[in-house]
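Down below is the structure, laid out as structure tokens.
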Amino acid sequence: MENTPSFDKVHLRFKLNGTYFDREDLKEVAYSFVKEGEPYEQYIGDFLMDWLNNKDHLYVRTSGSTGTPKHIRIQKQFMVNSAIASGDFFNISVGDSALHCLPAEYIAGKMMLVRAMILGLEIDLVAPTLHPLIEKEYDFSAMIPLQVYNSLDKLNNIKQLIVGGAAVKKELIESVQNKDTLVYETYGMTETVTHIAAKQINNFRSAEAMENAHFKVLPNVKVTLDKRNCLVIDAPYIAEETIVTNDIVALISADEFDWKGRYDNIINSGGVKLIPEQIEKKLAPIIQQRFFVYGIEDAELGEKLIMVVEGKEDSKLETEIKKVGDLEKFEHPKSIYFLDKFLETENGKVIREPSVHKALGA
């Protein structure tokens, strides 16, 4: 990538909480955040101190949603390259305003800061709560789905919003259709330095355009499939090696795909391979609370499809499920279990297997 800014530079137009800071001044801000800031500011200060030191890399913690949380090493220049690619994809301009409301412990929160420093944004910091404080208008922000749910009444204050960290449910997509905000669902992970693809989910000119919306990859990213139909990502500007994921996708074109589910969640029930996420998509309209389907060991079927629902037991749910017309024969849960509270990662993602063990009393 020619003429790409270096990680050791801070854009002259970068503003933090309304004030311009150069690299040296930003070190003082980072130090004050660590020593005197609110807990969320301390994490921001820790990241800024790591970013502004003389090393060309840093360590980022994964969320643990698909395995044990771990720290991985990422080149700072890869983070810069990712910021540039996002800027190009979303047409982010120098001087645009941005709202930072994600935890800085994880890659998404770190990358909002990197985009601001590299692209020259005017970024405001607020606590990363489930009800983010939106007091004025912004050009750009990033949220998790639950933050979007809780901000619907103020969402029009944000021109462009990217949503990630968890799957965007149909209910949320329907909720943003009447908003002026241009909302994108993102696809990515810590290993790809946050998102490598995004899909528009509202503000369509026609129903056909909405139907034809797919994840589109960012500049300098190539995607293919392996033998499992899982996504393979070749992005030399943001990752040292080709990344083979466990995400089952359908390639629509050379740079577009649809996400289907996780390969490691596949259930083999009586020789039929079931993708839980696709079943959950069909069931979502009739279930208000959080839920998921899972495969447990069964002597006859190999694996038996069950459902785990968060909340109080509902005796009517089984009857309602039988009315879902597009469920295939093998997609009907054999048993339904209820759990007061799902087990989660630190950033709110449901951990399926331990939640199942708890629901079964194992």
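Determine the relative contact order of the chain: mean sequence separation of Cα pairs under 8 Å and six or more apart, normalised by residue count, in whole percent.
Values: 704 pairs, mean separation 37.4, N = 362.
Reported relative contact order: 10 percent.
Report the FRET efficiency, 1/(1 + (r/R0)^6), for residue 205 and residue 20, where r is their Cβ-Cβ distance and R0 is 30 Å, rounded to 0.05. Working shown, then result.
Values: r = 39 Å, r/R0 = 1.31.
That pair, residue 205 with residue 20, gives E of 0.15.
How many angstrom separate the Cα center of the range 138-157 from the Cα center of the range 267-313?
30 Å
Roughly what % antiparallel, to the nearest 5, for the DSSP beta bridges in the chain?
65 percent
Write down the accessible area per residue of the chain in Å², having rolled a 1.4 Å probe over the full set of protein chains. Intermediate values should be presented prior to the final figure.
Values: 18390 Å² over 362 residues.
That works out to 51 Å² per residue.
With n ≥ 4 as the cut-off for DSSP H runs, can you work out [θ] at 222 nm for the chain, using -39500 (n - 2.57) per run divided by the number of residues, rounded to the nearest 500? Don't jump to the answer; show the numbers that get you there.
Values: 10 runs with 93 residues, N = 362.
About -7500 deg cm²/dmol.
Please give the FRET efficiency for residue 222 paired with residue 166, using the beta carbon to beta carbon distance and R0 = 35 Å, rounded to the nearest 0.05. Please report the intermediate quantities before stating the final value.
Values: r = 26 Å, r/R0 = 0.74.
For residue 222 and residue 166, the calculated efficiency is 0.85.
Out of the total accessible area of the chain (probe 1.4 Å, heavy atoms of protein only), what percent is carbon and sulfur? Display every interim value, and only then the final one.
Working: 8690 of 18390 Å².
That share works out to 47 percent.
In whole Å, largest first, what are the principal axis extents of the Cα atoms in the range 254-362?
44, 35, 30
Please work out how much length the chain gains when fully extended from residue 298 to residue 244, using 0.36 nm per residue of separation minus the C-alpha to C-alpha distance, in nm with one decimal.
On the way: separation 54, 0.36 × 54 = 19.44 nm, distance 3.05 nm.
Net length gain for the segment: 16.4 nm.
Counting pairs of Cα atoms in the range 65-130, how many percent are more than 16 Å apart? Intermediate results must be reported in sequence, preceding the final value.
Numbers: 1083 of 2145 pairs.
It works out to 50 percent of all Cα pairs.
Which of the pairs 169/349; 76/169; 227/273; 159/199 have their Cα atoms more than 21 Å apart in this structure? Can you show the working numbers first?
Details: 169/349 14 Å; 76/169 33 Å; 227/273 15 Å; 159/199 16 Å.
Violating the 21 Å Cα-Cα cut-off are 76/169.
Loop by DSSP (not H, G, I, E, B), at most 16 other beta-carbon atoms within 10 Å: where is the longest site-free stretch of the chain for GluC sites (Glu not before Pro)?
Answer - 3-134.
When only C-alpha pairs under 8 Å and at least 6 residues apart count, what is the relative contact order of the range 74-147, in percent? Walk me through the intermediate numbers first.
Values: 103 pairs, mean separation 26.9, N = 74.
Computed value for the range 74-147: 36 percent relative contact order.
Per residue, how big is the convex hull around the C-alpha atoms of the range 1-124? Give it to me in cubic angstrom, could you? Present the calculation step by step, with values, prior to reporting the outcome.
Numbers: hull volume 14.5 nm³, N = 124.
So the per-residue Cα hull volume is 117 Å³.
Taking the convex hull of the Cα atoms, report for the range 161-250 its projected area averaged over all directions, in nm².
Working: hull surface 25.8 nm².
With the hull built on Cα positions only, its mean projection is 6.4 nm².
If you average the sequence gap of Cα pairs under 8 Å that are 6 or more apart and divide by the length of the range 54-203, what percent do you get for the contact order?
Rounded, it is 18 percent for the range 54-203.
The values are calculated or read from the model by the stated rules, or taken from the named source; none is laboratory data. None of the values given here were measured: they were computed from a predicted structure. Don't worry about glycine lacking a Cβ; one is built from the backbone with ideal geometry, like all the others, and counts go over all protein chains shown. The area values use the complete protein model at the heavy-atom level, side chains included, leaving out ligands, DNA and RNA. Shrake-Rupley method; radii C 1.70, N 1.55, O 1.52, S 1.80 Å.
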